Each structure stands twice: as structure tokens, then as C-alpha cells.
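Visitor: So that we are looking at the same thing, I have put the structure below in C-alpha cells.
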Amino acid sequence: MKIPAGILGATGVVGQRFVQLLENHPWFEITWLAASDRSTDLEYGAAARWRLKTPIPSRLESMRLASAEPPGAPKLIFSALEAAVADELEPRFATAGHAVVSNASAFRMRPEVPLLVPEVNAAHLRLLEQQSWRAKGGFIVTNPNCSATGLVMALAPLQQAFGVEKVFAVTMQAVSGAGYPGVASLDILGNVIPYVAKEEEKMEIETRKMLGRLNGAGIAPAELTVSAHCNRVPVEDGHTESVSVKLRKPATREQIIQTFREFRGRPQELRLPSAPERPIIFLEAADRPQPVLDVNAGGGMSVSIGRLRACPLLDWKFTVLSHNTIRGAAGAALLNAELLKAEGYLA
């Protein structure tokens, strides 16, 4: 028997990714969809304005959108809500006993809320026991900002092997990260917009929480400095990041590459359905990774790294690419839900 699942914010770009990734999932089955009040009781196919390249699942096309309220919703809820709406609705569902697996930013930095990349900090799930919603059987788990996801996946093996002291990152972020309709074509075509609202702050603080240490009832943030510059570029899918790092212990190029290639985590150990066999793919070609060629590596769940070379300012520099709406959003939340099930939190 599959676990029934619902999606809040089902009509948006990330909501559609949830629908796409959950279709034919071995553990979870969509039984409930909700969006804004104006969409309530409409058929999903009519309300969603489907934007993905795979067809809308026929089973869900005629499903009626429910009111975004806990009564009638299944225990497991995936949230693709905007932050302001999530701030109001997600606690309502958690208080009603629902397991809320959220892509929204509203609760990421709450001390008692896990901010998870399962390969990096699966142990942070223990924070769930500190949540007041647990008394009602509910909880909230979040995944990070889409740019922070790719960065922390690259930093985690370096942190484990050598320690990381300083990070300088410049992003080139896909337009799909802005949702739909997103950035106007006359603003983005042939252009670079050197500002993505709140992205730099999220990268700088979320990275330290994810790489931090579980310390009693909270997380002691990692003792490293992160400086980020975030830019929107005319790429459909895939956030590219140019990263420089200062390590606490010396490392050779060969040692760093080996560390990237050997990196595995709890999802690979548990063989979770959405876990890529290789969370990090290191590419030797001088001009890789590229979004057109590499964004779908590992079904969009692997992070590609290349161009590793010495940095005259810090120690080493390299390029990171991750799929922003899969590994950085819906796929990340789905992997979190699989970890919750495997660790007994969805019983």
C-alpha cells in the first residue's frame, strides 16, 4: 500500500514538479491537490497551465483541487507554497497532525526545524522531537534554497575531509527559479540581472546551518564564512555556481577529486528511490559542467562539479551545477520524505 500524499501549491512550477516526480513513485501516491482559493474545485489540468516537458499525468488531470485546509487532507503534505502563504498555512497543517515536507523558506531557520539535504545532515532529523507540533503528531521539515543546495553538496565532502574556512560563490541562476511567468522576456533575453531577491542572504546563512553540528536542542552553525553574489541569467533550468574555498587542511587536486567522487550519504546507504547513485559527478572536461549537457544528471538529483583548479585568492576554485527545480526544490523535498519514511517518521 502506498502512502497517500497531498500537495499544497500544486499549480505552480514547483508544484508541477512534485506532480511529475510523484507519478509512479513506489512509496507515495497523490490523493489530494490544493492551490489558491480561486482554484478550489477546478480540475487540476485546467487550473495548472502545465509548463513541464512531460505530459500532465492523465490520472490527475481531472482531479478537483481541494480547499487548502487540513480537513480531508492526507497525513503527508508536500508544500510548494510561497513563503508568506506557507508561514500561515504550514503550521495549521502541522498542528492538525500532518507531516509537512516543505520547499518554502518560511521555517528554514527556525531552531527546531530541520533544514535538510539528506546526504549532508540526515542526523538533523532529531530536531523534530523539539517541535511543539509533535504533540499533535505533526511536524515541519524543510529543504534549502535552490542555490544553497548545490553549494552545500559541494562543500560537505570538503568539510568532512579537510574543513572549510571561507567560501566565495557567484551564481548564474536559471529563470525557472523565478516561477511562472517569472522574469519578463524583454528583461532577461540577452541580459544578466545581478540581483535575485533574498538569495544571497539565504545562501550565506542556510549553508552554515546545514553544515552545522547537532547540539542538544538545536544546531551550532558551522564556523565558516560564506560570501555570495547571485545573478539571474537566460537559462531555462540549472543553477551554475563559480565557487572558491579556503580549506583548513592542505589538499591536493587529486585528493579533492577523490573526495567528491567517493561522497555518499544516508540516502545511498538506505537506497532511497530518489537518491542518485552518485550524488556528486566530477567532470574532467575543461568546459563542463553546462546546463544544456549536465543538468539532468542522476535524474536531476546529482550535482555536477568541474573546472577544479588552484585559486590565487583562497585555495581552490571550481564550478557547480544543480537542477534548481528538482534537486533544488521538489526532488529535494521528495528525498526528505523518503528519508522520513525510512527512519520511521511516517509510520
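Visitor: How big is the dipole moment of the chain about its Cα centre under a simple scheme where the beta carbon of each Lys and Arg is +1, that of each Asp and Glu is -1, and everything else is neutral? Debye, nearest 20, please.
Guide: In debye, rounded to 20, the chain gives about 600.
Visitor: Counting DSSP beta bridges with both partners in the range 1-126, what percentage is antiparallel, nearest 5?
Guide: 5
Visitor: For the range 91-104, what does the Karplus curve 6.51 cos²θ - 1.76 cosθ + 1.60, with θ = phi - 60°, yield as ³J(HN,Hα) per residue in whole Hz, taken in order and with x for Gly and Pro?
Guide: Going residue by residue, I get x, 4, 6, 4, 5, 7, x, 8, 8, 9, 10, 10, 9, 6 Hz, with x marking Gly and Pro.
Visitor: Next question. Given a 10 angstrom Cα cut-off, can you work out which residue in ALA161, ALA228, ALA330 is the most mobile in a GNM of the chain?
Guide: Maximum among the listed residues: ALA161.
Visitor: Could I ask something else about it? Starting at the first residue of the range 148-160, write each ³J(HN,Hα) from the Karplus equation 6.51 cos²θ - 1.76 cosθ + 1.60 with θ = phi - 60°, in whole Hz, x for Gly and Pro.
Guide: So the J values, rounded to whole Hz, are 5, 4, x, 5, 5, 5, 6, 7, 4, x, 5, 4, 5.
Visitor: Residues with amide H under 5 Å of VAL117's amide H, sequence separation 5 or more or different chain, H placed in the peptide plane at 1.01 Å from N; which?
Guide: Those qualifying (amide H under 5 Å, at least 5 residues apart or on another chain) number zero.
Visitor: With springs only between Cα atoms under 10 Å apart, run a GNM on the chain and tell me which of MET301, MET63, MET210 wobbles the most.
Guide: Its mean-square fluctuation being the largest, the pick is MET63.
Visitor: Sort 251-264, 181-194, 78-91, 109-122 for me by packing, meaning the mean count of neighbouring Cβ atoms within 10 Å per residue, highest on top.
Guide: Descending mean neighbour count gives 109-122, 78-91, 251-264, 181-194.
Visitor: On to the next question. For the chain, what does -39500 (n - 2.57) per DSSP helix run (n ≥ 4), summed and divided by total residues, give at 222 nm, in deg cm²/dmol to the nearest 500?
Guide: -8000 deg cm²/dmol
Visitor: Please give the length that would be gained between GLU262 and LEU42 if that part of the chain were fully extended, namely 0.36 nm times their separation in residues minus their C-alpha to C-alpha distance (nm, one decimal).
Guide: Between GLU262 and LEU42, full extension yields an extra 74.4 nm.
Visitor: Same structure, new question: Which of rounded, prolate, oblate describes the range 116-242, given a ≥ b ≥ c as roots of the alpha-carbon gyration tensor eigenvalues and a/c under 1.5 marking rounded, otherwise prolate only if a/b is larger than b/c?
Guide: oblate
Visitor: Quick check: from the Cα gyration tensor, does the range 200-337 come out rounded (a/c under 1.5), prolate or oblate?
Guide: It is rounded, given that a/c, with a ≥ b ≥ c, falls under 1.5.
Visitor: Would you mind telling me the share, in percent, of accessible area of the range 102-182 contributed by carbon and sulfur at probe 1.4 angstrom?
Guide: 51
Visitor: What residue among ALA337, SER322, MET301 has its Cα farthest toward the positive end of the dipole of the range 246-347, where the charges are +1 on Lys, Arg and -1 on Asp, Glu, each on the Cβ?
Guide: Most positive-ward Cα: SER322.
Visitor: Oh, and also: Nearest 10 degrees, 0 to 90: what angle lies between the long axis of helix 13-22 and the longest principal axis of the chain (Cα atoms)?
Guide: The answer is roughly 80 degrees.
Visitor: Modelling each spin label as a point 7 Å along the Cα-to-Cβ direction, I'd like the ASN296/MET109 distance in nm, to one decimal.
Guide: 3.7
Visitor: Then there's this: Hey, which lysines would be in cross-link range of LYS202, C-alpha to C-alpha under 23 Å, not counting anything within fewer than 8 residues on its own chain?
Guide: LYS166, LYS246, LYS317
Visitor: Separate question: Tell me, what HN-Hα J-couplings in whole Hz come from the Karplus equation 6.51 cos²θ - 1.76 cosθ + 1.60 at θ = phi - 60° for each residue of the range 327-342, using x for Gly and Pro?
Guide: The phi angles translate into 5, x, 8, 4, x, 5, 5, 4, 5, 4, 5, 5, 4, 4, 5, 5 Hz.
Visitor: Let me ask you something else. Write down the accessible area per residue of the range 1-67 in Å², having rolled a 1.4 Å probe over the full set of protein chains.
Guide: Counting only protein heavy atoms, the per-residue value for the range 1-67 is 50 Å².
Visitor: With a 1.4 Å probe and every protein chain left in place, work out the accessible area per residue of the range 71-229 in Å², rounded to a whole number.
Guide: Roughly 40 Å² per residue, with all protein chains present.
Visitor: Shifting gears a bit: If packing is taken as the average number of other Cβ atoms within 10 Å across a peptide's residues, how do 166-176, 269-279 rank, most packed first?
Guide: So the peptides 166-176, 269-279, ranked by packing, come out 166-176, 269-279.
Visitor: DSSP beta bridges in the chain, what fraction antiparallel, as a percent rounded to 5?
Guide: 45
Visitor: Cross-link partners among lysines for LYS136, C-alpha distance below 20 Å, same-chain residues fewer than 8 apart left out?
Guide: Leaving aside lysines fewer than 8 places away in the same chain, those within reach of LYS136 are LYS75, LYS341.
Visitor: Sorted by mean Cβ packing within 10 Å, highest first, what order do the peptides 233-239, 287-293 take?
Guide: 233-239, 287-293
Visitor: Using a 1.4 angstrom probe on heavy atoms only, work out the carbon and sulfur share of the accessible area of the range 245-347 in %.
Guide: The computed percentage sits at 48.
Visitor: Can you compute the label reach from ALA347? Point 7 Å from Cα along the Cβ direction, backbone N cut-off under 14 Å, restricted to the range 99-137.
Guide: none
Visitor: What residues have an amide H closer than 5 Å to that of LYS166, excluding those fewer than 5 places away on the same chain, when H is modeled at 1.01 Å from N in the peptide plane?
Guide: Counting only residues 5 or more places away or on other chains, the set is THR225, LYS246.
Visitor: If you stretched the chain out fully between VAL85 and ARG64, how much longer would it get, using 0.36 nm times the residue separation minus the C-alpha to C-alpha distance?
Guide: Residue separation times 0.36 nm, minus the Cα-Cα distance, leaves 5.5 nm.
Visitor: Pairing the Cα long axis of helix 253-262 with the longest principal axis of the chain, what angle in degrees results, from 0 to 90 and rounded to the nearest 10?
Guide: That works out to roughly 20 degrees.
Visitor: Under 5 Å between amide hydrogens, which residues at least 5 positions from ARG232 or on another chain qualify, with H placed 1.01 Å from N in the peptide plane?
Guide: For ARG232, whose amide H was placed from the backbone, the distant partners under 5 Å are GLN173, ILE193, TYR195.
Visitor: While we're looking at this one, here's another question. Assuming R0 = 25 Å, can you tell me the calculated FRET efficiency for the pair GLU236 and GLN130, based on Cβ-Cβ distance, to the nearest 0.05?
Guide: 0.05
Visitor: Something else now. Using a basic spin-label model with each label point 7 Å from the Cα along Cα→Cβ, how many nm lie between GLU277 and ALA197?
Guide: 4.3
Visitor: Quick one: net charge of LEU211's neighbours, Cβ under 15 Å, K/R +1, D/E -1?
Guide: Net local charge, LEU211 excluded: +3.
The values are calculated or read from the model by the stated rules, or taken from the named source; none is laboratory data. Bear in mind that the values here come from a model prediction, so they are computed numbers and not experimental data. Backbone-built Cβ (ideal geometry, glycine too); neighbour counts: all protein chains shown. With ligands, DNA and RNA removed, areas are computed over all heavy atoms of the protein, side chains included. Shrake-Rupley method; radii C 1.70, N 1.55, O 1.52, S 1.80 Å.
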